[in-house]
Structure formats: structure tokens, C-alpha cells
Amino acid sequence: MIYHAMRGASKVQIEKLRNAFIPMSETMLYILMSLTSERHGYGIMLYVKDITNGRLSLGAGTVYQTLGKLEKGGLIKQTTEIDRKKYYIITDVGRQLLIEESKRISEINRNLEAIL
């Protein structure tokens, strides 16, 4: 799981990251998903709006605040800056947490389908 992706980190540090980011808000989840390809803030807004068929429209403040939290947590990293546009990509740690969150959401979905 996440232990492999965070070589050198203690179990306490790993658990703190997990506790800080899981469960993820829908906004954070979609921003992290969007960064499986390199994107800048406005590109993230367009991508999320597109893949949610317009249901989720993120504002600039929300995106940049979330990017700051994700970068501080080590889930994403800045790759470059072109014409004041900062580009980001998911890290191995971010990908592992995204996988864990996907499994959690899948479990919820299976349980819902079983009772409905």
C-alpha cells in the first residue's frame, strides 16, 4: 500500500497523511484525479467540469487552496512554471492515496447497491 511509496517515512507519518486526506472531499478527489496528467490551475478547472458533465464547476480560489494543501502534503508536486502558470502532477504518494480512496468509494458503492 502506501508504505512502499513512502520509503523512509515512519508509520506515524504515513498514518498522519492518511488521516489528513482520507476521506477526501469531492473537490480534492477530482483535483487529484486531474493531476494524473500534468495540468495548471485553469486546466484543472476545465478538466473537472468536462469529466463531471458540468455538474462540478470549481472556482479559482478553491482550486489554488486545494493545490496548496496537496502540495504541502506531498501528494502533488509542481513541475514547471510557464508565463505565470504553475503546472502540477501527482506524486507516487498521491497516487497511492488516490488508489486507497478509490477502494473506499468502491466499497461504499457495493454496499449501497446491496441495500437498494
Among the residues of the stretch 41-60, is any surrounded by 13 or more Cβ atoms within 10 Å (Cβ to Cβ), out of contact with any Ser or Thr (no Cβ under 9 Å at 6 or more places or on another chain) and closer than 25 Å to Leu17 by Cβ? yes
Candidate set from the stretch 69-91 (those that are surrounded by fewer than 15 Cβ atoms within 10 Å (Cβ to Cβ) and of a type in the set (Ser, Thr, Tyr)); member that is farthest from the chain's Cα centre (by Cα): Thr80
In the stretch 37-63, which residues are charged (D, E, K, R) and either part of a strand (DSSP E or B) or touching a Cys at 6+ places or on another chain (Cβ under 7 Å) (or both)? Arg39
Flag for Thr62 being at negative phi, of a type in the set (S, T, N, Q) and touching a Phe, Trp or Tyr at 6+ places or on another chain (Cβ under 9 Å): no
Filter the stretch 92-116 down to the residues that are of a type in the set (Lys, Arg) and closer than 22 Å to Ile14 by Cβ, then identify the one that is surrounded by the fewest Cβ atoms within 10 Å (Cβ to Cβ). Lys103
So which residues in the stretch 20-40 are buried (at least 17 other Cβ atoms within 10 Å of the Cβ), of a type outside the set (Phe, Trp, Tyr) and touching a residue at least 24 places away in the same chain (Cβ under 8 Å), if there are any at all? Met24, Met28, Leu29, Ile31, Leu32, Met33, Leu35, Arg39, His40
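Only the coordinates and a few stated rules stand behind these numbers; no lab work does. Keep in mind it's a predicted model, so treat the numbers as computed, not measured. Positions of Cβ are generated from backbone atoms using ideal geometry, with glycine treated the same way; all protein chains shown enter the neighbour counts.
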